1. Restricting to region 210-233, give me the number of residues that are open to solvent by 10 Å² or more (accessible area, probe 1.4 Å), touching a residue at least 24 places away in the same chain (Cβ under 8 Å) and not in a helix (DSSP H, G or I).
2. If you take the residues of region 294-331 that are farther than 28 Å from residue 386 by Cα and hydrophobic (A, V, I, L, M, F, W, C), which of them is most open to solvent (accessible area, probe 1.4 Å)?
3. Since residue 401 meets every condition but one in (1) open to solvent by less than 70 Å² (accessible area, probe 1.4 Å); (2) under 27 Å from residue 109 (Cα atoms); (3) away from the ligand (no atom under 16 Å from the Cβ), which condition does it not meet?
4. Among the residues of region 367-379, what is the count of those that are within 16 Å of the ligand (Cβ to nearest atom) and either at pLDDT below 90 or small (Gly, Ala, Ser) (or both)?
5. Where in region 34-126 are there helices (runs of 4 or more DSSP H), lying wholly inside it, with at least 2 residues that are free of Cβ contacts under 8 Å to residues at least 60 places away in the same chain, open to solvent by 30 Å² or more (accessible area, probe 1.4 Å) and closer than 21 Å to residue 388 by Cα?
6. How many residues are within 16 Å of the ligand (Cβ to nearest atom) and buried (at least 19 other Cβ atoms within 10 Å of the Cβ) when one looks only at region 352-366?
7. Sort out which residues of region 177-192 are open to solvent by 50 Å² or more (accessible area, probe 1.4 Å), in contact (Cβ under 8 Å) with a residue 40 or more places away in the chain and either under 12 Å from residue 314 (Cα atoms) or not aliphatic (A, V, I, L, M) (or both), and write them in order of number.
8. Can you find even one residue in region 9-22 that is more than 16 Å from the ligand (Cβ to nearest atom), surrounded by fewer than 19 Cβ atoms within 10 Å (Cβ to Cβ), at positive phi and not in a helix (DSSP H, G or I)?
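The values are calculated or read from the model by the stated rules, or taken from the named source; none is laboratory data. This is a predicted model, so every value here is computed, not measured. Glycine gets a Cβ as well: all are built from the backbone with ideal geometry, and neighbour counts include every protein chain shown. With ligands, DNA and RNA removed, areas are computed over all heavy atoms of the protein, side chains included. Shrake-Rupley method; radii C 1.70, N 1.55, O 1.52, S 1.80 Å.
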Amino acid sequence: MTTHQKNNDRAVFATKFAAIATTVGSAIGLGNIWRFPYEAGIHGGGAFMICYLAFVFIIGVPVLCAEFCMGRQTRSNITGAYNKLAPGSKWHLAGYIGILASVLILSFYSVVAGWTIEYCVSSMFGSLDFSDRETGHEQFMQLTTGWRPVVWTVVFLLCNFYILMRGVTKGIERASYILMPLLFILLVAFCINSFTLPGFTEGITFLFSPDFSKIDASVLLGALGQAFFSLSLGLGCMTTYASYFNNNSRLGKTAVMTATLDSLVAILAGVIIFPAVFSFGLSPEAGPTLVFEVLPFIFNQLPGGVVWSTLFFLLLFLASLTSTISMSEISITFFCEEKRMSRKKATIVSSLIALFGGLLCALSFGPLSNFTIFGHTFFSLFDYLSSNICLPLGGMICSLFVGWVVDKRVIRNQFTNGGKEKFPFLRMLVFCLRWVCPTAIFLIFLNSIGILTL
Ligand code: TRP
């Protein structure tokens, strides 16, 4: 953590900017560039996009505000935050869902982050083949099946571990101030390139023109899960980060800015991927492998493709690291504060758990590919369970908790920084937290009972 000030022995970010940068760093990652296009692809494009954006702003922003409020008020880990605000109650049990889900997410996320390192290294050494249109899928298979993904998953988890252990989070945050805008510029450049592709119109139509008849239970649940995943919501990640915000940070503004930037990056990724999918005659429904199969085609098209691809995968790897650091932070602060472990021990314990989960997920593409539970491999089961069930459930509990249990004066105090700032949306926020968010999430769950049987 950026530890410029000490406050009751707990680190606090020195500036408002650091608070925004770390929150955005957590939110922007593989969720936007890898998960969003593949989810949009399997769920019909435009129909998914509209639901996703609606959920980000109607449900995501209020829940983000609720998590911020809990974190900064209590300056605690997720279970500690529930305990401090409602001592002696059972609310803190929701924190355990968050801790469990954070480990599940870290497991499959590391596998995908491992692919990005492998693609980066392969393109640097010239072994990623850009010459031939037919090779996207084959290359993916070659690079990611068998035992190879295990190696890269472990490499990624070691990077994550090293950063957490050395406490060099500050370094990675500084680096990300420069590198994340660079990633953004690169995305804009690829986006402009999309205009020149023959499938541009088809791709854009697929992504932006909603066919409302396609909106069914699975689209709604998928979009809700994606909104939560992308905003790092529902398992106390943002509560933990907000526990380090300083007292001048504006919670409402930070929430809206995070949601806007995060969805902007997801849309950019969509505009890059779908025109290419249609130009090269691929199927948008390829699933988790979509982006990795399509990107080489795009690089192939560009002059100096190798340089673009190396740079892109390097930046994507760093964006993933800033996200996994935030995920790891949930269980580490929990072990430190609730189980009284040293930070070092807490880091080792949570990294070992993630390593075990990561291995199961990595092997899902090779030796364990035939081992399925309810038709899912470990990889897709962990993704489905955490994103579509644990995150919205955690978000619903947090929303009900802040809306109904937390004293309104506490909420007002947090959003006005003790009366120093204006916050005209307080009543609307509380209304959303009490009624809109929980009801919407509940209805989507109810509607999907059929598909929730996995
Ligand atoms: N939001 C990140 C992404 O889009 C992933 C992430 C980081 C996350 N922390 C989280 C997802 C906590 C859920 C919960 O890549």
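1. 4
2. 307
3. Answer for residue 401: the failing condition is (2).
4. So the answer is 0.
5. Result: 93-124.
6. Qualifying residue count for the region: 4.
7. 177, 182, 184, listed by residue number.
8. Checked region 9-22: at least one residue is more than 16 Å from the ligand (Cβ to nearest atom), surrounded by fewer than 19 Cβ atoms within 10 Å (Cβ to Cβ), at positive phi and not in a helix (DSSP H, G or I).
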